[in-house]
1. With more than 22 Å from the chain's Cα centre (by Cα) and either more than 22 Å from ARG207 (Cα to Cα) or not acidic (Asp, Glu) (or both) as the only criterion, which of ARG347, ARG275 stands out?
2. Looking at the range 203-257 only, could you name the residues that are at pLDDT 90 or above, loosely packed, with under 12 Cβ neighbours inside 10 Å and not in a strand (DSSP E or B)?
3. Out of LEU331, LEU299, report the one residue that is within 30 Å of PRO181 (Cα to Cα) and touching a helix residue (DSSP H, G or I) at 6+ places or on another chain (Cβ under 8 Å).
4. Determine whether the range 284-301 contains at least one residue that is in a strand (DSSP E or B), touching a Gly at 6+ places or on another chain (Cβ under 7 Å) and under 30 Å from LYS220 (Cα atoms).
5. Filter the range 318-348 down to the residues that are closer than 17 Å to GLU145 by Cβ and either free of Cβ contacts under 8 Å to residues at least 24 places away in the same chain or of a type in the set (Gly, Ala, Ser) (or both) and list them by number.
6. If you scan the range 39-68, which residues turn out to be farther than 25 Å from SER121 by Cα and of a type in the set (A, V, I, L, M, F, W, C)?
7. Restricting attention to the range 132-150, report how many residues are farther than 20 Å from ASN332 by Cα and touching a strand residue (DSSP E or B) at 6+ places or on another chain (Cβ under 9 Å).
8. Determine which single condition LYS237 fails, assuming it passes every other condition in (1) under 21 Å from ASP320 (Cα atoms); (2) free of Cβ contacts under 8 Å to residues at least 60 places away in the same chain.
Amino acid sequence: MYKNNPREKHLSLLQQSLQAANETDLSQIRYLKMSGEPSAWPDIFDLYRHFDDRQLIARNLPQRVKDIIHFQPVDIAADLVFAKNKAQEYLFAKANQLLSTKDRNDAAQALEMLDRLRRISPDYPGLNTIMRDAEIQATKRVYVEFVNESGAPLPDEIIRQIMQIPTARLDEKLLAFDLTPRRDLNYDGKVEVLLTGIAVSPERVDRRQFTEKKEIQDGKQPKRDARGNILYDSTGKVIEEPRYRLVEAMVNEVTLNKEAVLSVKLDFLQLPSRRILDHSATDIVQSFVYRFATVNGDLRACSPEILKLTKLEPLPFPTDAQMIFDAAGNLNKWLVDELMRKKSLMRGGY
């Protein structure tokens with residue numbers, strides 16, 4: 001029939017698709033209404049909305065096209081409004097019921113329902129307040145605690161350096177971190193930062209003495225042939241060439257070495273059972289290495305590296321406290337990286 005008129009064939013397919021989609025939606029609506037369940041109204045509303053969106057597209061087609069596909073609009077305005085009201089009432093009431101249990105999983109389900117309600121009616125009365133309550137109840141709470149198991153006393157400034165954790169970077173929807181536990185909250189998880197060891201090496205001074213040599217140009221001299229005769233140019237002038245001599249210098253190189261090591265372990269715990277979900281461990285090494293040199297002899301014999309060392313003044317060793325403080329800063333970086341990396345564990349495990 002449409003062999004010679006592809007356009008009419010396409011319009012016929014459009015008509016069939018439109019009718020089939022409408023019949024499917026209406027059939028599902030009838031089925032859901034027959035169930036009599038209040039929980040069916042959000043789905044009924046979605047089906048009515050899809051039906052209405054499809055009709056809107058068809059209404060905007062050229063009149064000639066609508067005539068060809070025999071488009072007849074169906075007035076569902078009253079049904080759409082009724083279903084919307086019923087859907088809103090059900091979602092709001094069900095969310096309140098779930099929140100009344102004070103169970104975090106129920107709160108997460110309530111939050112999903114309220115998100116759906118917000119898509120239907122962003123200005124629904126009381127929606128913002130109940131959503132805040134749902135988010136608070138559904139949020140998993142984790143606190144991070146420092147524990148000194150090294151057996152050595154640790155100044156507060158070192159602990160603060162280790163525990164400078166930006167909780168704002170860690171927090172996300174339905175997951176929040178605290179560095180100090182709040183008495184008004186029941187926590188779902190805990191991360192223990194266990195400092196298991198502190199070691200500072202003795203101060204070590206390594207001395208090395210060696211000679212550096214180099215041939216340098218030292219003026220000019222007559223150029224000679226293989227027999228030792230002085231060579232002249234065509235004008236009778238003596239031909240000259242660079243004269244080299246060997247210079248040397250005695251280098252006294254000093255290297256200062258000191259090292260601090262902080263050993264740490266992270267335990268990711270489920271509360272209140274204290275079941276260990278995961279753990280990490282590392283050694284943070286803070287090294288102090290300083291080189292300088294003095295030279296006896298001709299500086300022209302020295303390499304560029306040695307010349308740089310001769311410009312450096314001797315330095316005192318850093319104190320043990322400063323070495324530990326610097327190591328604590330590096331430990332903090334590792335700690336934050338580990339917490340960021342294992343956030344997925346904390347979301348799912350607690």
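The values are calculated or read from the model by the stated rules, or taken from the named source; none is laboratory data. Because the structure is predicted, anything quoted here is derived from the model rather than measured. Note that we place each Cβ from the backbone using ideal geometry, even for glycine, and neighbour counts take in every protein chain shown.
1. ARG275
2. Hit for the range 203-257 is LYS237, nothing else.
3. LEU331
4. No, the range 284-301 contains no residue that is in a strand (DSSP E or B), touching a Gly at 6+ places or on another chain (Cβ under 7 Å) and under 30 Å from LYS220 (Cα atoms).
5. ALA328
6. Listed by number, the residues that qualify are ALA58, LEU61, VAL65, ILE68.
7. Qualifying residue count, the range 132-150: 3.
8. Looking at each condition in turn, LYS237 falls short on (1).
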